[in-house]
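Data block below; observations after.
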Amino acid sequence: MRWWGPKGFTSPVCRIDLRVGGRFTYCMRTPDGHDFYNGGKFLEIVPLEKIVWLWYFADADGNRVDPSHYGFPSEDREGNIDEILFEDIGNGQTRLTFKRNDPTATREEQEGAAEGIRQILDKMAGVVAELLRNS
C-alpha cells in the first residue's frame, strides 16, 4: 500500500491472496481523491521467476465492472493478462521485466502503462531504501 500506484497516487485498499487462483483487489486514489479499483486473479506463480495474472476494472469488493464505470471506454474483452519476469543478473541484482499482454491497447495506452510501472517501481525502491536505513 505504501508504493502502489503512479507518482502522486495512493493505495488505501490492497487485498492480495498470492497463490495460483488467488484473487486481489486494490484501489488507486488519484491526487484529487478519485478512487479506481482493479481486481483479478493469479494464473501462474513460479517463485523467483515469474508471476502471471488477469486483471480488470472492479468495484470496492473486487467484482468486475465495465471500464465505463470509471469513465473509460467500454471494452469487449475478458480482462488483461500481465506478467512479471524476474531474472538473477548476479551481484545481488534482479532484472524485472513487465509484460502487458493487451492486444487491444493503443500505443499511447501501452506507453502510459509502462510509465506507470516505472513510477511504481521508483516508489517501491524508496520504500525499500527507507526500510534498509531503519533496519
Do we have any residue at all in the stretch 43-60 that's of a type in the set (Ser, Thr, Tyr) and over 23 Å from residue 119 (Cα atoms)? no
Please indicate, with yes or no, whether at least one residue in the stretch 111-132 is part of a strand (DSSP E or B), surrounded by 13 or more Cβ atoms within 10 Å (Cβ to Cβ), among the aliphatic types (A, V, I, L, M) and within 12 Å of the chain's Cα centre (by Cα). no
Any residue at all in the stretch 69-87 that is of a type in the set (A, V, I, L, M, F, W, C), in contact with a strand residue (DSSP E or B) (Cβ under 7 Å, 6 or more places away or on another chain) and either in a loop (DSSP other than H, G, I, E, B) or farther than 24 Å from residue 21 by Cβ (or both)? no
Residue count, the stretch 24-53, condition over 13 Å from the mean Cα position of the chain (by Cα), over 17 Å from residue 96 (Cβ atoms) and charged (D, E, K, R), comes to 3
Please list, ordered by first then second residue, the pairs with beta carbon atoms under 6 Å, 6 or more apart or interchain, first in the stretch 1-19 and acidic (Asp, Glu), second surrounded by 12 or more Cβ atoms within 10 Å (Cβ to Cβ) and part of a loop (DSSP other than H, G, I, E, B). none
Examine the stretch 102-119 for a residue that is touching a Gly at 6+ places or on another chain (Cβ under 9 Å), within 21 Å of residue 9 (Cβ to Cβ) and touching a residue at least 60 places away in the same chain (Cβ under 8 Å), and state whether such a residue exists. yes
Name the residues in the stretch 25-55 that are in a strand (DSSP E or B) and over 13 Å from residue 14 (Cα atoms), would you? 41, 42, 43, 44, 45, 46, 50, 51, 52, 53, 54, 55
Write out, first by first residue and then by second, each pair whose Cβ atoms fall under 8 Å of each other, whose residues are 6+ apart or on separate chains, and whose first residue, in the stretch 32-51, is touching a residue at least 24 places away in the same chain (Cβ under 8 Å) and more than 18 Å from residue 1 (Cα to Cα) while the second is small (Gly, Ala, Ser) and surrounded by 12 or more Cβ atoms within 10 Å (Cβ to Cβ). 42/22
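Values in this text are rule-based calculations from the coordinates and carry no lab data. Because the structure is predicted, anything quoted here is derived from the model rather than measured. Neighbour counts are summed over all protein chains in view; Cβ atoms, including those assigned to glycine, are modelled from backbone coordinates with ideal geometry.
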